[in-house]
Amino acid sequence: MPELSAHSLEVTETLISGARFLVILVAARLLAETMVRFKLPTILGELVAGLIVGISGFHLVVPPETQAVLSEGFSAVLGGLAHVPGDVVGELYAETFPSVEAVASLGLFSLLFLTGLESDLDELVAVGGKATSVAVAGVVLPFAIGTAGLMAIFQVDLIPAVFAGASMTATSIAITASVFGELKMLRSSEGQIVLGAAVLDDILGIVILAVVVSLASSGSLTIGPIISLVAAAVVFVLAAIGLSRSAAPLFDKLIENLQATGEIVVASFVVLVVCAFTATAIGLEAALGAFAAGLILSKSKHRHDIEQQVKPVVALFATIFFVLIGTKMDLSVVNPFDPANREGLIIAAFLLVVAIAGKVAAGWLYASKEPTNRLVVGLGMMPRGEVGLIFLGLGSQAKLLSPSLEAAILLMVIGTTFLAPLLLRFVLGHEEEAVEAS
């Protein structure tokens, strides 16, 4: 790279960062608005935006680890504005990319914090046995069948297979709740069972995720470390649930004594950082700590205010996280016209079938004296949504997955997220018509 003055370097880096965020946010907003008009989740739009601007599309946002080349036209425009050669833009682009990844990580942790915060533990207790049965079955079935199938049928290595199996355990509370709310079914028996089970699903799934990523980073697969990690993760989450009753009142007292602007959001993020730090210090994933922080504050009497102040942070920074996931996905590995991709497509179809069947089957695996629509319960557990993408993003960051397996998991997440709202509306809509006809 030719010698640049400090001013030229600063100007070029500023233009690169500004252009990158502009491309990400504008593309995400345009596609999210499109999805909303078709009554589909906005995260699908953000994912598609990433695919369009990333290495599967126009190469406007290219993570360095993909080894993809930045668009020549984009480099030339930025180079012309900064008065530097295009190859200098490419080098500085790669060097400054960690800054956007740091922002995306903030989005990930904020989203996990909000997920924990919105987990209604009382609701989980209220539907207790039913929700627990559905949640456990909805985790065990896709995880066990997915992992075993990938290893036995497709000869996928243990850690990637376990991670792919873990990615199918998630359930998106937000997507299911929005559909049930729209159809006025949120307070129905089915709605309560699904919401309670989804909370437990998230807890179980994120514990599994934390253990798998930690095992992969340590390179140890002996039984001792596995048991230790599982025990640490379970104790950590149980401690967070316990602290939700004892620490939340202390947090409330602190908030009431603070007077400077932004006291709620700053204090909340202090709790988040402390929990993420603690999780990392004991060998778990920081992501589990962020989720636990949300669980701790879920009993705060300021919970609504915390949600309202954290949601804009999530809306902005989690968008960047989801777009970056899309930018890394090389869809050429699932191009149906390339014979070499046949196995990747079969893996994607396998994961999608297991992901759907595992959750739908869970809808039949609970005891209930009152009549409930078990198909609705199963379909309500089906969308992976933002939680599935969190799994995929962490797996990608940890470099656990091959490009074809990454793309297969992405297609599974998109497929379940797209199909679940459509099928729920279809089934519940027909029920509503039947009730009105009678």
Check your understanding: In region 204-231, how many are farther than 26 Å from GLY363 by Cα, open to solvent by 30 Å² or more (accessible area, probe 1.4 Å) and modelled with pLDDT of 75 or more?
Key -> 4
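Listed here are the residues, each with its yes/no results for (1) of a type outside the set (Gly, Ala, Ser); (2) over 23 Å from VAL387 (Cα atoms).
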| position | (1), (2) |
| --- | --- |
| LEU22 | yes, yes |
| GLU33 | yes, no |
| VAL36 | yes, no |
| LEU40 | yes, no |
| ILE43 | yes, no |
| ALA49 | no, no |
| VAL53 | yes, no |
| GLU72 | yes, yes |
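Condition check ((1) modelled with pLDDT of 80 or more; (2) out of contact with any Phe, Trp or Tyr (no Cβ under 8 Å at 6 or more places or on another chain); (3) not charged (D, E, K, R)) across all residues:
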position: GLU370; (1), (2), (3): no, yes, no
position: VAL376; (1), (2), (3): yes, yes, yes
position: PRO383; (1), (2), (3): yes, yes, yes
position: GLU386; (1), (2), (3): no, no, no
position: LEU394; (1), (2), (3): yes, yes, yes
position: GLN397; (1), (2), (3): no, yes, yes
Point to revise | Members of region 280-309 found to be assigned to a helix (DSSP H, G or I) and within 19 Å of the chain's Cα centre (by Cα), listed by number | key: ALA286, ALA287, LEU288, GLY289, ALA290, PHE291, ALA292, ALA293, GLY294, LEU295, GLU307
Exercise for review: For region 375-396, state whether one or more residues are over 14 Å from ALA164 (Cα atoms) and of a type in the set (S, T, N, Q).
Suggested key: no
Check your understanding: Being acidic (Asp, Glu), in contact with a helix residue (DSSP H, G or I) (Cβ under 8 Å, 6 or more places away or on another chain) and modelled with pLDDT of 90 or more, is that true of even one residue in region 301-315?
Key -> yes
Review point. Take the residues of region 281-312 that are among the β-branched types (Val, Ile, Thr) and open to solvent by less than 30 Å² (accessible area, probe 1.4 Å): which is nearest to VAL235 (Cα to Cα)?
Key: ILE296
Study note, to complete from the structure: Of SER402, SER438, the only residue that is at pLDDT below 80 and over 13 Å from the mean Cα position of the chain (by Cα) is SER438
**Study point:** Tally, over region 188-203, of residues that are open to solvent by 10 Å² or more (accessible area, probe 1.4 Å) and either of a type in the set (Phe, Trp, Tyr) or touching a Phe, Trp or Tyr at 6+ places or on another chain (Cβ under 9 Å) (or both)
**Key:** 4
Check your understanding: Only one of these conditions is not met by PRO383: (1) within 20 Å of the chain's Cα centre (by Cα); (2) part of a helix (DSSP H, G or I); (3) of a type outside the set (Lys, Arg); (4) crowded, with 24+ Cβ neighbours inside 10 Å. Which number is it?
Key -> (2)
Practice item. Quickly run through region 333-378 and pick out the residues that are of a type outside the set (Gly, Ala, Ser), within 16 Å of VAL413 (Cβ to Cβ) and open to solvent by less than 10 Å² (accessible area, probe 1.4 Å). Key: LEU351, LYS359
Check your understanding: Out of curiosity, is LYS328 surrounded by 20 or more Cβ atoms within 10 Å (Cβ to Cβ), of a type in the set (Lys, Arg), touching a residue at least 12 places away in the same chain (Cβ under 8 Å) and within 20 Å of VAL427 (Cα to Cα)?
Key -> no
Point to revise | For LEU258: the one exception among (1) touching a residue at least 12 places away in the same chain (Cβ under 8 Å); (2) out of contact with any Asp or Glu (no Cβ under 7 Å at 6 or more places or on another chain); (3) aliphatic (A, V, I, L, M) | key: (1)
Check your understanding: Does LEU60 satisfy the condition of being under 20 Å from the mean Cα position of the chain (by Cα) and over 27 Å from MET382 (Cβ atoms)?
Key -> no
Point to revise | Meets criteria (open to solvent by 10 Å² or more (accessible area, probe 1.4 Å), assigned to a helix (DSSP H, G or I), touching a residue at least 24 places away in the same chain (Cβ under 8 Å) and not polar (S, T, N, Q)) for LEU250 | key: no
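The values are calculated or read from the model by the stated rules, or taken from the named source; none is laboratory data. Quick caveat: nothing in here was measured; it's all calculated off a predicted structure. So basically every Cβ, Gly included, is an ideal-geometry build from the backbone, and we count neighbours across all protein chains shown. Protein only, heavy atoms only, side chains kept; ligands, DNA and RNA dropped before computing areas. Shrake-Rupley method; radii C 1.70, N 1.55, O 1.52, S 1.80 Å.
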